[in-house]
Amino acid sequence: MPLKYALVHEWLTPKATGGSELVVREILNHIDADLYALIDFESSNRESYLYKRQIGKTFLQNFPSARNGIQKYLPLWPLAIEQLDLRHYDVILSSSHAVAKGILTTPEQMHICYCHSPMRYAWDLTFDYLRHSKLGSGLPGWVTRYLLHRLRQWDVLSANRVDYFIANSQHTARRIWRCYRREATVIYPPVNIAEFPFLSEKEDFYLTVSRLVSYKQISLIVKAFNQLKRPLVVIGTGDEMNKIREMANSNIQILGWQPDNVVKKYMSKAKAFVYAACEDFGIALVEAQACGTPVIAYGSGGALETVRDIRSGADTGTGIFFRTQTEAALVEAVEKFEMYEGSFNSEYMRSHAAQFSPQIFADRYLDFVNKCNEKRPFLQ
């Protein structure tokens, strides 16, 4: 009998279109799995590939404003994910950056988790979350700290429900070990290289594309370009939109949210893509390189695995790193980039990005799942 698969993700909404959602889509392209999530507003979205698909969801689906983001219901996520009854499946696949890995399983089932990140709210972003949240100070702040403490406990406990971890980068694999003391196999996520137009001739502007939230460090980029007086285009929206608009000088264009075709046009024409966050993988960095566009990035996290500093090899350089998240370091990096600008090989950047193609992801992911299936003792 063929194995029955279930795939669990955190949420499926029109606003959730990042790297983790690309992984979900690619898995469904190759594995016949029933799909589950905390909330689902994609199966009713005519523009979505999930339109009219049957998707299992939790009680959070009917909570007020769930469609626009369920972060406000964070304390309820563990309880919600544990209410999904998946006992009739043989293999559970999860695509998890928060609680999807916490699904309850039986001893007869196998659970493979593709982990994009241990839950950032509970670990790396705890103090950032408290500093910028209205619930981060005073008596509400102590309640929030206690809830985050309990969330970390649940997060570690639920990691024991996973049989095999896959990480989206070496950086994430190290974080999985630090948080859960579990080994993880690295399989890089899929990037739709073919959808990004390649241009070798660039225009005179820099670009950043990101959610405008504090940990993405867009304000740092804006401040640095205020000093540099170089043209910068910022695409994205988020909580810091008004703050960034107010601080930006006339050399900086804040375009807000833009459709994919506009983002790709700017990404292909920019002289360099600028990124200042520490990401577990950083899919936008690979997308820029697919366009033949060099990257100026904070030298930490997944960027160290996807970008090659031209100062370490002129023939294989795809960008330049700056080592501290400061305006001065970014200003220096931009000035260094302009010294090396004529040395970048845009054709090499495109070929370098190709190693993160969907087909390579699919081959490695399916091979891993098949090998795990062969180890199931109850099939022998």
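The values are calculated or read from the model by the stated rules, or taken from the named source; none is laboratory data. Just so it is clear, the structure is predicted and the values come from calculations on it, not from any experiment. Note that we place each Cβ from the backbone using ideal geometry, even for glycine, and neighbour counts take in every protein chain shown. Accessible surface is based on the protein model in full, side chains and every heavy atom, while ligands, DNA and RNA are left aside. Shrake-Rupley method; radii C 1.70, N 1.55, O 1.52, S 1.80 Å.
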Discussion item. Whether any residue in segment 234-241 is touching a Gly at 6+ places or on another chain (Cβ under 7 Å), touching a residue at least 60 places away in the same chain (Cβ under 8 Å) and surrounded by fewer than 22 Cβ atoms within 10 Å (Cβ to Cβ) is what I want to check.
Written reply: no
Worksheet item: Among the numbered criteria (1) among the hydrophobic types (A, V, I, L, M, F, W, C); (2) under 23 Å from Gly292 (Cα atoms); (3) surrounded by 19 or more Cβ atoms within 10 Å (Cβ to Cβ), which single criterion is violated by Leu255?
Response: (3)
Discussion item. Name the single residue that is nearest to Arg311 (Cα to Cα) among those in segment 333-356 being touching a strand residue (DSSP E or B) at 6+ places or on another chain (Cβ under 7 Å) and among the aliphatic types (A, V, I, L, M).
Written reply: Ala333
Fill in: segment 77-117, residues that are at pLDDT below 95 and within 15 Å of Arg150 (Cα to Cα)
Ala98
Practice prompt. Please name all residue pairs, on different chains or six or more residues apart, with Cβ atoms under 7 Å, provided the first residue is in segment 151-171 and is open to solvent by 10 Å² or more (accessible area, probe 1.4 Å) and the second residue is among the small types (Gly, Ala, Ser) and not in a helix (DSSP H, G or I).
Written response: Leu151/Ala122; Arg152/Ala122; His171/Gly301; His171/Gly302
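Being within 20 Å of Thr172 (Cα to Cα) and open to solvent by 60 Å² or more (accessible area, probe 1.4 Å) narrows it down to one of Arg311, Arg323, so name that one.
Working: Arg311 fails: within 20 Å of Thr172 (Cα to Cα).
On inspection, the qualifying residue turns out to be Arg323.
Scan segment 306-330 for residues that are among the hydroxyl-bearing types (Ser, Thr, Tyr), without any contact (Cβ under 8 Å) to a residue 40 or more places away in the chain and not in a helix (DSSP H, G or I) and report the count.
Quick first cut of segment 306-330, residues among the hydroxyl-bearing types (Ser, Thr, Tyr) only: 306, 312, 316, 318, 324, 326.
Restricting the remaining residues to those that are without any contact (Cβ under 8 Å) to a residue 40 or more places away in the chain gives 312, 316, 318, 324.
Checking the rest, the ones that are also not in a helix (DSSP H, G or I) come to 316, 318, 324.
Final tally of qualifying residues: 3.
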Discussion item. Here's a check for you: in segment 113-131, which residue that is outside any loop (DSSP other than H, G, I, E, B) and under 19 Å from the mean Cα position of the chain (by Cα) is surrounded by the fewest Cβ atoms within 10 Å (Cβ to Cβ)?
Written reply: Asp128
Discussion item. Out of everything in segment 172-195 that is among the aliphatic types (A, V, I, L, M) and surrounded by 17 or more Cβ atoms within 10 Å (Cβ to Cβ), what residue ends up being farthest from Pro78 (Cα to Cα)?
Written reply: Ile193
Item to complete: Please verify whether segment 64-86 includes one or more residues that are over 22 Å from Tyr121 (Cα atoms), assigned to a strand (DSSP E or B), touching a Leu at 6+ places or on another chain (Cβ under 8 Å) and hydrophobic (A, V, I, L, M, F, W, C).
Response: no
Worksheet item: Taking segment 255-292 as the search range and keeping residues that are of a type in the set (Phe, Trp, Tyr) and touching a residue at least 40 places away in the same chain (Cβ under 8 Å), which one is nearest to Leu220 (Cα to Cα)?
Response: Tyr275
Worksheet item: When the residues of segment 14-36 are filtered to those that are at pLDDT below 90 and outside any helix (DSSP H, G or I), which remaining residue is most open to solvent (accessible area, probe 1.4 Å)?
Response: Lys15
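Right, Ala333: under 20 Å from the mean Cα position of the chain (by Cα) and either at pLDDT below 95 or open to solvent by less than 20 Å² (accessible area, probe 1.4 Å) (or both) or not?
no
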Worksheet item: (1) in a loop (DSSP other than H, G, I, E, B); (2) under 30 Å from Gly301 (Cβ atoms); (3) basic (Lys, Arg): which one isn't true of Lys101, the others all being true?
Response: (1)
Worksheet entry | Residue in segment 37-56 that is nearest to Asn370 (Cα to Cα), counting only those that are open to solvent by 80 Å² or more (accessible area, probe 1.4 Å) and within 22 Å of the chain's Cα centre (by Cα) | Tyr49
Practice prompt. Quick one: count up the residues across segment 202-224 that are touching a residue at least 40 places away in the same chain (Cβ under 8 Å) and either farther than 23 Å from Phe127 by Cβ or in contact with a strand residue (DSSP E or B) (Cβ under 8 Å, 6 or more places away or on another chain) (or both).
Written response: 13
